[in-house]
Amino acid sequence: MGHTDARALLHSIDEELRLLDATIWHAYYVSLDNGKGLDGANECVDNATVYTVQNDIHEEATDQEETRFHCRAFYRGVLKDVNKFCRLDNTLSQSILAGEIDGLICISCHVGIFSSVLLAATSKEIPVTGSGGTSLSQVANLHHIRLIGNAGGSVATTTFTRAVSYTSAFAAYWKLAYEPWKRCRQSGSSCTSVLNSCLPMFWGVCLLKQCLLFLRERFFENSSQCGSFIEASILVLEQMALPFSCCVTMATSHASGPAPVSSLNMAALIASTSCSRSILSGLLAGRLVSFATERLLYTLIFWNIPATMANLLISGGVGALIALLMLPVSPVLGIITASIRWTLAVSVGFPNLQVRIGAGCALGCFCCYGSKGGWYHSVILPLILIEMELGDASVLGAVDELTLVLVSAGICAANVLYSTLHSRQDHLSTADIDLCRRGFFLNIACGDFVEACYPLMENRLAVNVSGYLASGLSTAWLVASSSQTPKSLAYLPLPIAIGVSETNWVQMAVAACIAFGISFFGTLIDNWSWHSHKRD
(Lines give C-alpha, C1' and ligand atoms only; values in the text may rest on other atoms or scores of the structure.)
Protein backbone atom coordinates (compact mmCIF):
# COMPACT_ATOMS: atom_id res chain seq x y z
CA MET A 1 0.00 0.00 0.00
CA GLY A 2 3.05 2.29 0.14
CA HIS A 3 2.78 3.02 3.86
CA THR A 4 6.41 2.15 4.60
CA ASP A 5 8.06 3.78 1.57
CA ALA A 6 8.76 7.32 2.74
CA ARG A 7 10.35 8.50 -0.48
CA ALA A 8 7.48 7.20 -2.64
CA LEU A 9 4.87 8.82 -0.39
CA LEU A 10 6.56 12.21 -0.24
CA HIS A 11 7.30 12.18 -3.96
CA SER A 12 3.68 11.28 -4.75
CA ILE A 13 2.42 14.14 -2.59
CA ASP A 14 4.84 16.57 -4.20
CA GLU A 15 3.74 15.49 -7.70
CA GLU A 16 0.11 16.22 -6.88
CA LEU A 17 0.93 19.55 -5.21
CA ARG A 18 2.75 20.66 -8.35
CA LEU A 19 -0.62 20.62 -10.13
CA LEU A 20 -1.42 23.57 -7.82
CA ASP A 21 1.97 25.19 -8.51
CA ALA A 22 2.96 24.20 -4.97
CA THR A 23 5.68 21.94 -3.60
CA ILE A 24 6.83 20.29 -0.39
CA TRP A 25 9.12 22.88 1.18
CA HIS A 26 9.89 21.09 4.44
CA ALA A 27 9.10 17.54 5.54
CA TYR A 28 9.91 15.18 8.38
CA TYR A 29 8.83 11.57 8.06
CA VAL A 30 9.76 8.99 10.70
CA SER A 31 9.76 5.37 9.59
CA LEU A 32 10.68 2.26 11.57
CA ASP A 33 13.15 -0.11 9.96
CA ASN A 34 11.80 -3.25 8.25
CA GLY A 35 8.41 -1.64 7.75
CA LYS A 36 7.27 -2.17 11.31
CA GLY A 37 4.21 -0.20 12.43
CA LEU A 38 4.60 2.62 14.93
CA ASP A 39 1.60 1.52 17.00
CA GLY A 40 3.54 -1.27 18.71
CA ALA A 41 6.98 0.36 18.63
CA ASN A 42 9.46 0.07 21.50
CA GLU A 43 11.14 3.46 21.75
CA CYS A 44 14.32 2.08 23.30
CA VAL A 45 14.79 -0.93 21.02
CA ASP A 46 13.39 -0.30 17.55
CA ASN A 47 15.56 1.47 15.00
CA ALA A 48 14.09 4.23 12.87
CA THR A 49 14.99 6.71 10.15
CA VAL A 50 13.82 10.28 9.70
CA TYR A 51 13.45 11.30 6.07
CA THR A 52 13.58 15.00 5.30
CA VAL A 53 12.82 17.46 2.56
CA GLN A 54 14.23 20.94 3.18
CA ASN A 55 14.31 24.06 1.08
CA ASP A 56 18.07 24.29 1.21
CA ILE A 57 18.39 21.11 -0.86
CA HIS A 58 15.97 22.18 -3.61
CA GLU A 59 18.02 23.02 -6.69
CA GLU A 60 16.86 24.82 -9.81
CA ALA A 61 17.04 22.49 -12.81
CA THR A 62 18.45 23.58 -16.14
CA ASP A 63 16.48 24.10 -19.38
CA GLN A 64 13.54 25.60 -17.48
CA GLU A 65 12.64 22.28 -15.88
CA GLU A 66 10.67 22.16 -12.67
CA THR A 67 12.39 22.38 -9.34
CA ARG A 68 13.93 19.07 -8.47
CA PHE A 69 12.53 17.18 -5.53
CA HIS A 70 14.99 15.76 -3.00
CA CYS A 71 14.12 13.38 -0.19
CA ARG A 72 16.92 11.93 1.89
CA ALA A 73 17.45 9.78 4.93
CA PHE A 74 18.70 12.49 7.27
CA TYR A 75 19.09 10.71 10.61
CA ARG A 76 19.13 7.06 11.72
CA GLY A 77 19.12 5.58 15.19
CA VAL A 78 16.99 4.15 17.96
CA LEU A 79 13.45 5.55 17.84
CA LYS A 80 14.03 7.40 21.12
CA ASP A 81 16.95 9.31 19.61
CA VAL A 82 15.06 9.97 16.38
CA ASN A 83 12.15 11.43 18.36
CA LYS A 84 14.56 13.59 20.33
CA PHE A 85 16.09 14.87 17.10
CA CYS A 86 12.65 15.80 15.71
CA ARG A 87 11.61 17.44 18.98
CA LEU A 88 14.73 19.65 19.14
CA ASP A 89 14.81 20.62 15.45
CA ASN A 90 13.12 24.02 15.07
CA THR A 91 13.62 24.44 11.33
CA LEU A 92 10.04 23.71 10.34
CA SER A 93 8.41 25.77 13.09
CA GLN A 94 10.68 28.72 12.27
CA SER A 95 9.76 28.47 8.59
CA ILE A 96 6.07 28.56 9.48
CA LEU A 97 6.54 31.60 11.71
CA ALA A 98 8.58 33.27 8.96
CA GLY A 99 5.66 32.88 6.56
CA GLU A 100 7.45 30.46 4.26
CA ILE A 101 4.85 27.70 4.72
CA ASP A 102 1.30 28.00 3.34
CA GLY A 103 -0.12 24.69 4.58
CA LEU A 104 0.64 21.73 6.82
CA ILE A 105 0.12 18.00 6.26
CA CYS A 106 0.07 15.78 9.36
CA ILE A 107 0.42 12.05 8.63
CA SER A 108 -0.09 10.13 11.89
CA CYS A 109 1.72 13.01 13.57
CA HIS A 110 3.00 12.64 17.16
CA VAL A 111 1.47 15.67 18.83
CA GLY A 112 4.02 15.81 21.65
CA ILE A 113 7.10 15.58 19.47
CA PHE A 114 5.88 18.18 16.96
CA SER A 115 4.15 20.48 19.42
CA SER A 116 6.26 23.50 18.39
CA VAL A 117 5.30 22.96 14.75
CA LEU A 118 1.61 22.71 15.62
CA LEU A 119 1.77 25.81 17.83
CA ALA A 120 3.38 27.72 14.98
CA ALA A 121 0.65 26.53 12.59
CA THR A 122 -2.00 27.69 15.08
CA SER A 123 -0.43 31.13 15.47
CA LYS A 124 -0.12 31.66 11.70
CA GLU A 125 -3.58 30.12 11.05
CA ILE A 126 -2.35 28.07 8.12
CA PRO A 127 -4.61 25.25 6.81
CA VAL A 128 -3.91 21.74 8.12
CA THR A 129 -4.94 18.42 6.58
CA GLY A 130 -3.65 14.88 6.84
CA SER A 131 -4.51 11.31 7.80
CA GLY A 132 -4.34 9.19 10.94
CA GLY A 133 -7.51 9.47 13.03
CA THR A 134 -5.93 9.44 16.49
CA SER A 135 -3.29 12.05 15.76
CA LEU A 136 -5.65 14.37 13.88
CA SER A 137 -8.19 14.33 16.69
CA GLN A 138 -5.42 15.24 19.15
CA VAL A 139 -4.17 17.99 16.83
CA ALA A 140 -7.63 19.51 16.63
CA ASN A 141 -8.37 19.12 20.35
CA LEU A 142 -5.08 20.20 21.91
CA HIS A 143 -4.08 22.96 19.50
CA HIS A 144 -7.52 24.08 18.32
CA ILE A 145 -6.53 23.65 14.70
CA ARG A 146 -9.34 23.55 12.17
CA LEU A 147 -8.78 20.68 9.79
CA ILE A 148 -9.62 21.16 6.12
CA GLY A 149 -10.76 18.82 3.38
CA ASN A 150 -11.50 15.17 4.10
CA ALA A 151 -8.80 14.71 6.73
CA GLY A 152 -9.45 11.46 8.59
CA GLY A 153 -8.25 7.92 9.16
CA SER A 154 -5.51 6.12 7.26
CA VAL A 155 -6.84 2.54 7.25
CA ALA A 156 -6.87 1.01 3.72
CA THR A 157 -5.46 4.18 2.15
CA THR A 158 -2.65 4.11 -0.39
CA THR A 159 0.17 6.47 -1.24
CA PHE A 160 -1.77 7.85 -4.19
CA THR A 161 -5.17 8.21 -2.50
CA ARG A 162 -3.60 10.12 0.38
CA ALA A 163 -1.68 12.41 -1.97
CA VAL A 164 -4.83 13.24 -3.93
CA SER A 165 -6.80 13.72 -0.70
CA TYR A 166 -4.28 16.21 0.74
CA THR A 167 -3.96 18.16 -2.50
CA SER A 168 -7.71 18.30 -3.00
CA ALA A 169 -8.10 19.76 0.50
CA PHE A 170 -5.64 22.57 -0.22
CA ALA A 171 -7.13 23.23 -3.65
CA ALA A 172 -10.58 23.72 -2.13
CA TYR A 173 -9.22 25.92 0.68
CA TRP A 174 -7.15 28.11 -1.64
CA LYS A 175 -9.86 28.05 -4.34
CA LEU A 176 -7.49 26.68 -6.96
CA ALA A 177 -8.34 24.39 -9.87
CA TYR A 178 -7.18 20.82 -9.25
CA GLU A 179 -7.81 18.52 -12.21
CA PRO A 180 -5.46 15.54 -11.87
CA TRP A 181 -7.31 13.55 -14.53
CA LYS A 182 -5.95 15.95 -17.14
CA ARG A 183 -2.34 15.02 -16.48
CA CYS A 184 -0.35 13.64 -19.38
CA ARG A 185 -1.38 10.04 -19.92
CA GLN A 186 -0.09 7.12 -21.90
CA SER A 187 -2.56 4.94 -23.74
CA GLY A 188 -3.10 1.51 -22.23
CA SER A 189 -1.87 -1.74 -23.70
CA SER A 190 -3.83 -3.63 -26.33
CA CYS A 191 -5.49 -6.97 -25.60
CA THR A 192 -2.83 -8.86 -27.55
CA SER A 193 -0.05 -7.08 -25.66
CA VAL A 194 -1.65 -7.95 -22.33
CA LEU A 195 -2.08 -11.58 -23.41
CA ASN A 196 1.57 -11.73 -24.42
CA SER A 197 2.54 -10.34 -21.01
CA CYS A 198 0.48 -13.07 -19.33
CA LEU A 199 2.42 -15.85 -21.07
CA PRO A 200 4.34 -16.84 -17.87
CA MET A 201 1.01 -17.38 -16.09
CA PHE A 202 -0.36 -19.52 -18.94
CA TRP A 203 2.89 -21.45 -19.09
CA GLY A 204 2.93 -22.10 -15.33
CA VAL A 205 -0.76 -23.06 -15.14
CA CYS A 206 -0.38 -25.53 -18.02
CA LEU A 207 2.66 -27.20 -16.49
CA LEU A 208 1.09 -27.36 -13.03
CA LYS A 209 -2.09 -28.88 -14.41
CA GLN A 210 -0.09 -31.49 -16.31
CA CYS A 211 1.80 -32.38 -13.13
CA LEU A 212 -1.42 -32.66 -11.09
CA LEU A 213 -3.02 -34.87 -13.74
CA PHE A 214 0.06 -37.11 -13.74
CA LEU A 215 0.03 -37.39 -9.94
CA ARG A 216 -3.68 -38.15 -9.86
CA GLU A 217 -3.47 -40.87 -12.49
CA ARG A 218 -0.29 -42.52 -11.21
CA PHE A 219 -0.45 -42.22 -7.44
CA PHE A 220 -3.77 -40.94 -6.10
CA GLU A 221 -6.39 -42.46 -8.37
CA ASN A 222 -7.79 -44.56 -5.51
CA SER A 223 -7.18 -42.04 -2.73
CA SER A 224 -10.39 -40.18 -2.05
CA GLN A 225 -8.87 -37.44 0.13
CA CYS A 226 -5.76 -36.65 -1.92
CA GLY A 227 -7.66 -37.20 -5.16
CA SER A 228 -10.33 -34.71 -4.12
CA PHE A 229 -7.70 -32.16 -3.19
CA ILE A 230 -6.02 -32.53 -6.60
CA GLU A 231 -9.38 -32.30 -8.37
CA ALA A 232 -10.14 -29.06 -6.52
CA SER A 233 -6.74 -27.64 -7.47
CA ILE A 234 -7.25 -28.55 -11.13
CA LEU A 235 -10.69 -26.93 -11.05
CA VAL A 236 -9.22 -23.67 -9.74
CA LEU A 237 -6.55 -23.72 -12.44
CA GLU A 238 -9.11 -24.32 -15.18
CA GLN A 239 -11.69 -21.81 -14.06
CA MET A 240 -10.04 -18.93 -12.21
CA ALA A 241 -6.25 -18.68 -12.49
CA LEU A 242 -5.93 -17.36 -16.04
CA PRO A 243 -8.98 -15.02 -16.08
CA PHE A 244 -7.67 -13.51 -12.84
CA SER A 245 -4.20 -13.02 -14.32
CA CYS A 246 -5.59 -11.34 -17.43
CA CYS A 247 -7.92 -9.14 -15.38
CA VAL A 248 -5.20 -7.85 -13.06
CA THR A 249 -2.68 -7.33 -15.87
CA MET A 250 -5.19 -5.45 -18.02
CA ALA A 251 -6.26 -3.26 -15.09
CA THR A 252 -2.72 -2.27 -14.12
CA SER A 253 -1.60 -1.78 -17.73
CA HIS A 254 -4.28 0.89 -18.14
CA ALA A 255 -3.41 2.68 -14.92
CA SER A 256 -2.75 6.26 -15.96
CA GLY A 257 0.06 8.09 -14.23
CA PRO A 258 0.55 7.20 -10.56
CA ALA A 259 -2.88 5.57 -10.24
CA PRO A 260 -3.49 3.41 -7.14
CA VAL A 261 -2.15 0.09 -8.41
CA SER A 262 -2.91 -1.72 -5.15
CA SER A 263 -6.55 -0.60 -5.37
CA LEU A 264 -6.70 -1.73 -8.99
CA ASN A 265 -5.32 -5.14 -8.06
CA MET A 266 -7.89 -5.64 -5.32
CA ALA A 267 -10.77 -4.48 -7.50
CA ALA A 268 -9.56 -6.69 -10.35
CA LEU A 269 -9.35 -9.70 -8.04
CA ILE A 270 -12.99 -9.26 -7.00
CA ALA A 271 -14.16 -8.55 -10.56
CA SER A 272 -12.43 -11.65 -11.93
CA THR A 273 -14.61 -13.93 -9.79
CA SER A 274 -17.33 -13.56 -12.47
CA CYS A 275 -14.94 -14.37 -15.32
CA SER A 276 -14.73 -18.12 -14.84
CA ARG A 277 -13.27 -20.05 -17.80
CA SER A 278 -12.96 -16.94 -19.98
CA ILE A 279 -9.78 -14.93 -20.47
CA LEU A 280 -11.65 -12.48 -22.71
CA SER A 281 -13.94 -11.78 -19.77
CA GLY A 282 -10.87 -11.20 -17.61
CA LEU A 283 -9.49 -8.70 -20.11
CA LEU A 284 -12.81 -6.86 -20.35
CA ALA A 285 -13.30 -6.81 -16.58
CA GLY A 286 -9.77 -5.47 -16.08
CA ARG A 287 -10.41 -2.69 -18.58
CA LEU A 288 -13.66 -1.75 -16.86
CA VAL A 289 -11.93 -1.75 -13.47
CA SER A 290 -9.19 0.61 -14.66
CA PHE A 291 -11.80 2.87 -16.29
CA ALA A 292 -14.02 3.09 -13.22
CA THR A 293 -11.44 3.15 -10.44
CA GLU A 294 -9.67 6.42 -11.20
CA ARG A 295 -12.85 8.30 -12.09
CA LEU A 296 -14.60 7.20 -8.92
CA LEU A 297 -11.53 8.02 -6.83
CA TYR A 298 -11.47 11.67 -7.87
CA THR A 299 -15.23 11.99 -7.53
CA LEU A 300 -15.26 10.65 -3.98
CA ILE A 301 -12.34 12.77 -2.81
CA PHE A 302 -13.81 15.94 -4.30
CA TRP A 303 -17.02 15.12 -2.45
CA ASN A 304 -14.89 15.17 0.74
CA ILE A 305 -15.34 11.43 1.31
CA PRO A 306 -12.48 10.38 3.66
CA ALA A 307 -9.61 8.57 1.99
CA THR A 308 -10.31 5.34 3.86
CA MET A 309 -13.92 5.16 2.68
CA ALA A 310 -12.88 6.26 -0.80
CA ASN A 311 -10.37 3.44 -1.04
CA LEU A 312 -12.88 0.91 0.27
CA LEU A 313 -15.33 1.96 -2.42
CA ILE A 314 -12.86 2.02 -5.31
CA SER A 315 -11.32 -1.33 -4.32
CA GLY A 316 -14.22 -3.35 -2.98
CA GLY A 317 -17.12 -1.41 -4.47
CA VAL A 318 -15.80 -1.19 -8.02
CA GLY A 319 -14.71 -4.82 -7.94
CA ALA A 320 -18.14 -5.99 -6.78
CA LEU A 321 -19.96 -3.81 -9.33
CA ILE A 322 -17.84 -5.03 -12.26
CA ALA A 323 -18.29 -8.63 -11.08
CA LEU A 324 -22.07 -8.16 -11.22
CA LEU A 325 -21.88 -6.56 -14.66
CA MET A 326 -19.74 -9.41 -16.00
CA LEU A 327 -22.11 -12.18 -14.87
CA PRO A 328 -24.22 -12.18 -18.07
CA VAL A 329 -21.29 -11.29 -20.34
CA SER A 330 -18.72 -13.93 -19.31
CA PRO A 331 -20.62 -16.95 -20.69
CA VAL A 332 -20.92 -15.28 -24.11
CA LEU A 333 -17.20 -14.49 -24.25
CA GLY A 334 -16.46 -18.02 -23.07
CA ILE A 335 -18.42 -19.36 -26.04
CA ILE A 336 -16.36 -17.20 -28.40
CA THR A 337 -13.02 -18.58 -27.19
CA ALA A 338 -14.44 -22.12 -27.11
CA SER A 339 -15.47 -21.65 -30.76
CA ILE A 340 -11.93 -20.60 -31.65
CA ARG A 341 -10.53 -23.73 -30.00
CA TRP A 342 -13.10 -25.88 -31.78
CA THR A 343 -12.21 -24.33 -35.14
CA LEU A 344 -8.50 -25.01 -34.67
CA ALA A 345 -9.19 -28.56 -33.55
CA VAL A 346 -11.50 -29.23 -36.52
CA SER A 347 -9.01 -27.73 -38.99
CA VAL A 348 -6.50 -30.49 -38.20
CA GLY A 349 -8.99 -33.23 -37.31
CA PHE A 350 -10.83 -33.96 -40.56
CA PRO A 351 -11.81 -37.63 -40.97
CA ASN A 352 -10.39 -37.61 -44.49
CA LEU A 353 -6.65 -38.30 -44.24
CA GLN A 354 -5.70 -36.36 -47.36
CA VAL A 355 -7.57 -33.27 -46.20
CA ARG A 356 -5.98 -33.55 -42.75
CA ILE A 357 -2.49 -33.79 -44.25
CA GLY A 358 -3.13 -30.78 -46.47
CA ALA A 359 -4.50 -28.75 -43.59
CA GLY A 360 -1.52 -29.65 -41.41
CA CYS A 361 0.95 -28.74 -44.14
CA ALA A 362 -0.77 -25.40 -44.75
CA LEU A 363 -0.89 -24.62 -41.03
CA GLY A 364 2.82 -25.35 -40.63
CA CYS A 365 3.78 -23.15 -43.57
CA PHE A 366 1.47 -20.39 -42.35
CA CYS A 367 3.12 -20.32 -38.90
CA CYS A 368 6.60 -20.24 -40.45
CA TYR A 369 5.63 -17.40 -42.78
CA GLY A 370 3.64 -15.52 -40.14
CA SER A 371 6.48 -15.58 -37.64
CA LYS A 372 8.90 -14.10 -40.18
CA GLY A 373 6.28 -11.57 -41.27
CA GLY A 374 5.71 -10.18 -37.78
CA TRP A 375 2.43 -11.96 -37.07
CA TYR A 376 3.63 -14.07 -34.18
CA HIS A 377 2.94 -11.68 -31.29
CA SER A 378 -0.17 -10.18 -32.86
CA VAL A 379 -1.90 -13.35 -34.14
CA ILE A 380 -0.19 -16.69 -33.44
CA LEU A 381 0.69 -16.25 -29.76
CA PRO A 382 -2.73 -14.81 -28.78
CA LEU A 383 -4.38 -17.81 -30.48
CA ILE A 384 -2.07 -20.15 -28.57
CA LEU A 385 -3.07 -18.49 -25.30
CA ILE A 386 -6.77 -18.71 -26.18
CA GLU A 387 -6.25 -22.45 -26.69
CA MET A 388 -4.58 -22.61 -23.27
CA GLU A 389 -7.51 -20.82 -21.61
CA LEU A 390 -8.36 -23.87 -19.46
CA GLY A 391 -4.76 -24.71 -18.64
CA ASP A 392 -4.30 -27.21 -21.48
CA ALA A 393 -1.61 -27.48 -24.10
CA SER A 394 -2.48 -26.20 -27.58
CA VAL A 395 -2.51 -27.26 -31.22
CA LEU A 396 -0.63 -24.13 -32.24
CA GLY A 397 1.77 -24.73 -29.35
CA ALA A 398 2.80 -28.02 -30.98
CA VAL A 399 3.04 -26.30 -34.36
CA ASP A 400 5.11 -23.52 -32.76
CA GLU A 401 7.57 -26.07 -31.40
CA LEU A 402 7.94 -27.77 -34.79
CA THR A 403 7.83 -24.91 -37.29
CA LEU A 404 9.68 -22.25 -35.33
CA VAL A 405 11.82 -23.78 -32.59
CA LEU A 406 13.06 -26.94 -34.30
CA VAL A 407 13.36 -25.43 -37.77
CA SER A 408 15.52 -22.67 -36.31
CA ALA A 409 17.56 -25.20 -34.31
CA GLY A 410 18.14 -27.32 -37.43
CA ILE A 411 19.34 -24.39 -39.54
CA CYS A 412 21.62 -23.12 -36.77
CA ALA A 413 23.05 -26.59 -36.11
CA ALA A 414 23.85 -27.11 -39.80
CA ASN A 415 25.72 -23.82 -40.01
CA VAL A 416 27.70 -24.58 -36.85
CA LEU A 417 28.64 -28.03 -38.17
CA TYR A 418 29.64 -26.65 -41.57
CA SER A 419 31.84 -23.97 -40.02
CA THR A 420 33.47 -26.58 -37.79
CA LEU A 421 34.33 -28.81 -40.76
CA HIS A 422 35.63 -25.84 -42.80
CA SER A 423 38.01 -23.64 -40.89
CA ARG A 424 37.69 -20.79 -43.36
CA GLN A 425 34.63 -18.65 -43.05
CA ASP A 426 33.40 -18.71 -46.68
CA HIS A 427 29.93 -17.06 -46.78
CA LEU A 428 29.41 -17.37 -43.00
CA SER A 429 31.08 -14.73 -40.83
CA THR A 430 32.24 -15.25 -37.27
CA ALA A 431 29.23 -13.27 -36.09
CA ASP A 432 26.92 -15.60 -38.06
CA ILE A 433 28.44 -18.65 -36.46
CA ASP A 434 28.21 -17.17 -32.96
CA LEU A 435 24.57 -16.31 -33.63
CA CYS A 436 23.84 -19.85 -34.82
CA ARG A 437 25.62 -21.42 -31.88
CA ARG A 438 23.60 -19.34 -29.45
CA GLY A 439 20.40 -19.87 -31.42
CA PHE A 440 20.80 -23.65 -31.42
CA PHE A 441 21.40 -23.80 -27.68
CA LEU A 442 18.50 -21.52 -26.75
CA ASN A 443 16.05 -23.25 -29.09
CA ILE A 444 16.81 -26.71 -27.75
CA ALA A 445 17.23 -25.74 -24.09
CA CYS A 446 14.58 -22.99 -23.79
CA GLY A 447 12.34 -23.15 -26.85
CA ASP A 448 13.18 -19.54 -27.60
CA PHE A 449 15.19 -17.26 -29.94
CA VAL A 450 13.64 -18.70 -33.10
CA GLU A 451 14.60 -15.49 -34.90
CA ALA A 452 18.26 -16.55 -34.97
CA CYS A 453 17.80 -18.31 -38.33
CA TYR A 454 15.71 -15.66 -40.10
CA PRO A 455 18.56 -13.57 -41.58
CA LEU A 456 20.12 -16.78 -42.96
CA MET A 457 16.79 -17.93 -44.39
CA GLU A 458 16.25 -14.62 -46.17
CA ASN A 459 19.76 -14.62 -47.68
CA ARG A 460 19.69 -18.22 -48.95
CA LEU A 461 16.75 -19.45 -51.07
CA ALA A 462 17.51 -23.14 -50.49
CA VAL A 463 17.62 -22.62 -46.72
CA ASN A 464 14.32 -20.76 -46.88
CA VAL A 465 12.71 -23.56 -48.90
CA SER A 466 14.01 -26.22 -46.51
CA GLY A 467 12.52 -24.27 -43.61
CA TYR A 468 9.08 -24.24 -45.21
CA LEU A 469 9.36 -27.93 -46.15
CA ALA A 470 10.33 -28.80 -42.60
CA SER A 471 7.44 -26.77 -41.21
CA GLY A 472 4.82 -28.21 -43.56
CA LEU A 473 5.89 -31.86 -43.52
CA SER A 474 6.47 -32.09 -39.76
CA THR A 475 3.05 -30.60 -39.01
CA ALA A 476 1.41 -32.82 -41.64
CA TRP A 477 3.01 -35.90 -40.07
CA LEU A 478 1.87 -34.96 -36.58
CA VAL A 479 -1.69 -34.34 -37.76
CA ALA A 480 -1.87 -37.48 -39.91
CA SER A 481 -0.30 -39.88 -37.44
CA SER A 482 -2.50 -39.01 -34.47
CA SER A 483 -6.09 -40.00 -33.83
CA GLN A 484 -6.31 -37.20 -31.27
CA THR A 485 -5.86 -33.48 -31.76
CA PRO A 486 -2.08 -32.93 -31.39
CA LYS A 487 -1.21 -30.52 -28.60
CA SER A 488 2.00 -29.37 -26.95
CA LEU A 489 3.70 -26.31 -25.48
CA ALA A 490 6.61 -24.22 -26.69
CA TYR A 491 9.07 -22.21 -24.55
CA LEU A 492 10.25 -25.44 -22.93
CA PRO A 493 13.36 -27.64 -23.21
CA LEU A 494 12.80 -30.00 -26.13
CA PRO A 495 12.39 -33.23 -24.07
CA ILE A 496 9.76 -31.58 -21.86
CA ALA A 497 7.94 -30.10 -24.86
CA ILE A 498 7.69 -33.63 -26.25
CA GLY A 499 6.71 -35.06 -22.87
CA VAL A 500 3.79 -32.69 -22.25
CA SER A 501 2.31 -33.45 -25.66
CA GLU A 502 -1.25 -34.66 -25.29
CA THR A 503 -0.81 -36.97 -28.24
CA ASN A 504 1.50 -39.99 -28.27
CA TRP A 505 4.93 -38.66 -27.30
CA VAL A 506 6.56 -40.91 -29.90
CA GLN A 507 4.60 -39.19 -32.66
CA MET A 508 5.63 -35.77 -31.37
CA ALA A 509 9.24 -36.95 -31.19
CA VAL A 510 9.13 -38.19 -34.80
CA ALA A 511 7.59 -34.90 -35.94
CA ALA A 512 10.37 -33.05 -34.10
CA CYS A 513 12.98 -35.15 -35.91
CA ILE A 514 11.33 -34.36 -39.25
CA ALA A 515 11.31 -30.61 -38.56
CA PHE A 516 14.90 -30.60 -37.34
CA GLY A 517 16.21 -33.07 -39.93
CA ILE A 518 14.81 -31.42 -43.07
CA SER A 519 15.96 -27.94 -42.07
CA PHE A 520 19.33 -29.30 -40.94
CA PHE A 521 20.14 -31.29 -44.07
CA GLY A 522 18.65 -28.65 -46.38
CA THR A 523 20.94 -26.01 -44.87
CA LEU A 524 23.93 -28.35 -44.87
CA ILE A 525 23.40 -29.24 -48.55
CA ASP A 526 23.08 -25.55 -49.41
CA ASN A 527 26.38 -24.83 -47.64
CA TRP A 528 28.13 -27.70 -49.43
CA SER A 529 26.76 -26.62 -52.81
CA TRP A 530 27.95 -23.07 -52.20
CA HIS A 531 31.37 -24.40 -51.24
CA SER A 532 31.57 -26.60 -54.36
CA HIS A 533 30.45 -23.77 -56.63
CA LYS A 534 33.02 -21.42 -55.08
CA ARG A 535 35.78 -23.99 -55.53
CA ASP A 536 34.91 -24.53 -59.19
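The values are calculated or read from the model by the stated rules, or taken from the named source; none is laboratory data. The structure presented is a predicted model; accordingly, all values stated were derived computationally and were not measured. Don't worry about glycine lacking a Cβ; one is built from the backbone with ideal geometry, like all the others, and counts go over all protein chains shown. Accessible surface areas use protein heavy atoms only, side chains included; no ligands, DNA or RNA. Shrake-Rupley method; radii C 1.70, N 1.55, O 1.52, S 1.80 Å.
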(request) Kindly state, to the nearest 0.05, the FRET efficiency for Ala362 paired with Arg76, given R0 = 60 Å and r defined as their beta-carbon distance. (result) 0.30
(message) Once you order the gyration tensor axes a ≥ b ≥ c over the Cα atoms, which shape class does the range 196-242 get: rounded for a/c under 1.5, otherwise prolate or oblate by comparing a/b with b/c?
(response) oblate
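Given a Förster radius of 30 Å and the C-beta distance between Asn90 and Asp21 as r, what FRET efficiency does 1/(1 + (r/R0)^6) yield to the nearest 0.05? It would help to have the intermediate numbers written out before the result.
Details: r = 28 Å, r/R0 = 0.93.
Efficiency computed from Cβ-Cβ geometry: 0.60.
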(request) Helix by helix through the chain, keep the DSSP H runs that span 24 Å or more along the axis on Cα and average at least 1.0 on Kyte-Doolittle, and give those back in order. (result) 279-302, 330-347, 461-481
(message) Taking the solvent-accessible surface of protein heavy atoms with a 1.4 Å probe, what is the per residue accessible area of the chain in Å²?
(response) 47
(request) Quote the FRET efficiency, to the nearest 0.05, computed for Leu325 versus Phe302 with a Förster distance R0 of 25 Å and r equal to the Cβ-Cβ distance. (result) 0.55
(message) Please list, by residue number, everything in the range 476-506 whose backbone N is under 19 Å from a paramagnetic label point 7 Å out along Cα→Cβ of Leu215.
(response) 500
(message) I need the shape label for the range 284-428. Rule: rounded when a/c is under 1.5, else prolate if a/b > b/c, else oblate, with a, b, c from the alpha carbon gyration tensor.
(response) oblate
(message) Tell me the accessible surface of Tyr51 in square angstrom (1.4 angstrom probe, heavy atoms of protein chains only), to the nearest ten.
(response) 40
(request) Note the full-extension length gain between Ala338 and Phe350 as 0.36 nm times their separation in residues minus their Cα-Cα distance, in nm to one decimal. (result) 2.5 nm
(request) Determine Rg/Rh for the chain; Rg is computed over alpha-carbon atoms and Rh is the Kirkwood hydrodynamic estimate from the same atoms. (result) 1.13
(request) Subtracting the Cα-Cα distance from 0.36 nm times the residue separation, let me have the gained length for Ser224 to Ile525 in nm, one decimal. (result) 102.5 nm
(message) If I model a spin label as a point 7 Å beyond the Cα along the Cα-Cβ vector, how far apart are those points for Ala431 and His377 in nm?
(response) 2.2
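Just subtract the alpha-carbon distance of Gln484 and Ala462 from 0.36 nm times their residue separation and send over the number in nm, one decimal.
Answer, rounded to one decimal: 4.6 nm.
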(request) Would you please state which residues of the range 457-495 a label at Ala509 would reach in this model, taking the label point 7 Å out along Cα→Cβ and a backbone N cut-off of under 12 Å? (result) 495
(message) Accessible area of the range 379-526 with a 1.4 Å probe: how many percent of it is carbon plus sulfur?
(response) 68
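List the trypsin sites (Lys or Arg not before Pro) in the range 399-493 that DSSP assigns to loop (not H, G, I, E or B) and whose Cβ has at most 11 other Cβ atoms within 10 Å. Which are they?
Numbers: sites: Arg424, Arg437, Arg438, Arg460, Lys487; in loops: Arg424, Arg460, Lys487.
Qualifying residues, ordered by number: Arg424.
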